[in-house]
Amino acid sequence: MDVCLIQTLILFCSLICGFWAENPSNKSTPNIIIILMDDMGWGDVGVFGQPSKETPNLDSMAAQGMLFPNFYTANPLCSPSRASLLTGRLPVRNGFYTTNAHARNAYTPQEIVGGISKDEILLPQVLKKKGYVNKIIGKWHLGHRAHHLPLEHGFDEWFGAPNCHFGPYNSSDRPNVPVYNNSQMVGRYYEEFGIDKKTGESNLTQIYLEEGLDFIFHQNMAQRPFFLYWTADATHAPVYASKRFLGKSQRGRYGDAVMELDYSVGQMLARLRALGIDKDTFVFFTSDNGAAVMSGPKQSGSNGPFLCGKETTFEGGMREPAIAWWPGHIPAGMVSQQLGTVMDLFSTSLSVAGLSVPDDRLIDGLDLSPVLHNNTLINRPIFYYRGNEMMAVRVGPYKAHYWTWSNSWEEFNQGINFCPGQEVAGVTTHTQQDHTMQPLIFHLGRDPGEKYPISVVTKEYQDALSRITPVVDKHKKGLVPGVPQLNMCDMAVMV
């Protein structure tokens with residue numbers, strides 16, 4: 001059924017019931033919506049400088065809320081960053097890393113044995129203490145075996161898939177990824193849920209949008225606070241969009257996908273306003289990692305002025321678009337220079353809900369409430385990890401690289417380039433370069449592209465290093481790595 005028709009029918013029903021006009025709302029227990037994009041780059045949104053200006057809803061969201069130009073993921077790859085968002089902890093702490101080669105990235109494809117540990121406490125599990133109904137729509141990517149799935153980790157409802165829409169495979173050795181409605185498998189990508197790789201047409205984003213709108217309406221009707229984790233993956237290669245959006249962007253098929261996702265965000269915010277619960281709902285928009293520039297210009301987005309992209313700990317792989325929206329609570333039109341991370345969404349969401357973070361473990365995420373309400377700045381570092389190795393750290397405007405590595409010479413010689421058109425000698429290295437004795441330091445304010453390391457003989461370098469070194473020492477001294485969950489693959493566990 002057409003999304004617009006569904007919306008009209010739902011709003012008509014709510015008007016008939018008098019619910020729209022007399023909504024009691026959850027003022028003491030705000031709703032929470034986290035909208036997480038997949039491989040969307042910092043430079044893909046108009047308000048961050050995308051010249052095509054094809055994200056009017058996100059731009060409007062920013063104008064009505066708070067923009068974070070210095071917001072980071074916890075890892076430059078899908079699975080670890082998602083694990084960090086939901087646990088508030090670095091992947092090296094929550095176990096979402098591998099020790100199978102120094103600083104190697106790892107995630108959860110179909111054949112991975114591991115997944116999110118039962119010892120981790122996820123955001124929806126804590127929110128349940130306050131009566132929240134929790135739903136994930138879209139990509140999970142924290143393990144596909146039964147005990148790793150969302151309903152085992154605090155979510156009450158799920159519509160989506162354990163992995164991304166890789167494929168099509170459709171064979172007994174590597175079948176297409178399943179799609180679930182709660183605990184029931186309802187089909188597979190490319191089969192019951194079609195994706196035309198040739199044309200890029202798929203209705204998946206529209207399906208996810210309908211699921212989101214329906215969930216918002218029904219939880220509001222039941223007067224229950226809700227947490228919606230909306231994780232559409234249309235901007236992950238192979239990118240897709242519905243027929244309505246195909247061919248509409250100046251940026252090709254990837255831009256079509258962005259336009260549809262922007263439309264979807266606009267529809268969800270419009271639904272909150274129509275139901276009169278916009279002032280009772282905290283919404284945050286961001287991405288799981290930088291644009292996957294190694295997929296080529298037709299299958300990936302823009303990281304703006306930043307170096308490289310997905311899978312690297314250069315700014316293009318780790319800095320994300322981020323917008324907070326909460327009418328009546330977050331002042332409109334604000335731009336915060338706060339250094340933020342996806343891990344902060346754990347602590348901030350619990351604060352919004354009136355809950356405390358777990359006190360039996362170290363939580364890396366900060367409560368950004370003072371930033372949201374008063375634009376107060378909180379002093380904190382940003383750590384950049386690949387695998388279990390701290391590659392870099394940012395303190396204030398300075399970023400120090402203790403290790404550099406883009407991807408291997410073997411991959412690079414096969415045409416896989418994590419930094420196409422952006423090679424910087426001695427920086428975007430194809431071997432794992434150790435700079436621990438004399439880190440490369442950049443001033444990101446005047447050199448966001450990380451092209452010009454500050455000379456080690458300058459006072460600026462020495463002053464910056466004297467600020468950064470104690471931060472790194474303290475971090476490493478207190479670091480207790482979690483048990484690595486992503487070390488083992490086994491084709492026998494294929495679904």
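The values are calculated or read from the model by the stated rules, or taken from the named source; none is laboratory data. What you are looking at is a predicted structure, and each value in this text was computed from that prediction instead of being measured. Cβ placement follows ideal geometry from the backbone for every residue including glycine, while neighbour counts extend to all protein chains displayed. For the accessible areas, the whole protein counts, side chains as well, though only heavy atoms, and no ligand, DNA or RNA atoms are used. Shrake-Rupley method; radii C 1.70, N 1.55, O 1.52, S 1.80 Å.
Structure notes:
- Rel. contact order, % - alpha carbon contacts under 8 angstrom, at least six apart, the range 353-418: 15
- Just the protein heavy atoms count here, and of the accessible area of the range 360-485 at 1.4 Å, carbon and sulfur take up 56 percent.
- Charged side chains reduced to their Cβ positions (Lys and Arg at +1, Asp and Glu at -1) give the chain a dipole of some 660 debye around its Cα centre.
- Using θ = phi - 60° in the Karplus curve 6.51 cos²θ - 1.76 cosθ + 1.60, the 3J(HN,Hα) couplings for the range 139-145 round to 7, 8, 6, 10, x, 10, 6 Hz; x is entered for Gly and Pro.
- Euclidean distance of C-alpha centroids, the range 416-466 and the range 185-235, integer Å: 41
- Among 267, 172, 69 the positive-end extreme of the charge dipole of the chain (Cβ point charges): 69
- On a per residue basis, the convex hull of the C-alpha atoms belonging to the range 320-426 measures out at 163 Å³.
- Cut-off under 5 Å, modelled amide H: who pairs with residue 287 long-range: 37
- On Cα atoms only, tilt of 204-221 relative to the major axis of the chain in degrees: 60
- Rounded accessible area of residue 99 (nearest 10 Å², 1.4 Å probe): 70
- The ellipsoid equivalent to the alpha-carbon distribution of the range 210-278 has semi-axes of 28, 12, 8 angstrom, derived from the gyration tensor eigenvalues as √(5λ) and listed largest first.
- Each residue of the range 158-163 was assigned a 3J(HN,Hα) from its phi angle through the Karplus expression (A = 6.51, B = -1.76, C = 1.60, θ = phi - 60°), giving 8, 10, x, 10, x, 10 Hz with x at Gly and Pro.
- Share of carbon and sulfur in the accessible heavy-atom surface of the range 286-341 [1.4 Å probe, %]: 59
- Distant-in-sequence amide H partners of residue 72 (H built 1.01 Å from N, under 5 Å): 320, 340, 341, 342
- Take every Cα pair under 8 Å whose residues are at least 6 apart in sequence, average their separation, divide by the length of the range 236-286, and the relative contact order is 24 percent.
- A simple packing score, the average count of other Cβ atoms within 10 Å per residue, orders the peptides 442-454, 180-192 as 442-454, 180-192, with the highest score first.
- Bridge orientation summary for the range 121-275: considering DSSP beta bridges with both residues in this region, about 30 percent are antiparallel.
- Accessible area of the range 128-228 belonging to carbon and sulfur atoms, whole % at 1.4 Å probe: 44
- Cα centre as origin, Lys/Arg/Asp/Glu Cβ charges: the range 355-495 dipole, Debye: 480
- Computed over the range 415-495, Kirkwood Rh from alpha-carbon pairs, angstrom: 16.5
- Dipole magnitude (debye, nearest 20) for the range 224-269, charges at Cβ of Lys, Arg, Asp, Glu: 120
- The chain - accessible surface per residue (Å², probe 1.4 Å): 37
- Environment charge of residue 430, counting only residues whose C-beta is closer than 15 Å and scoring Lys/Arg +1, Asp/Glu -1: -3
- Taking every DSSP helix (H) stretch of at least 4 residues in the chain, weighting each as -39,500 (n - 2.57) and dividing the sum by the residue count yields a mean residue ellipticity at 222 nm of -7500 deg cm²/dmol.
- Direction-averaged projected area, Cα convex hull, the range 356-495: 13.4 nm², rounded to one decimal.
- Relative contact order of the chain, taken over Cα pairs closer than 8 Å and 6 or more residues apart, is 25 percent.
- Each residue of the range 226-242 was assigned a 3J(HN,Hα) from its phi angle through the Karplus expression (A = 6.51, B = -1.76, C = 1.60, θ = phi - 60°), giving 9, 10, 10, 10, 9, 10, 5, 10, 4, 8, 8, 4, x, 6, 8, 7, 7 Hz with x at Gly and Pro.
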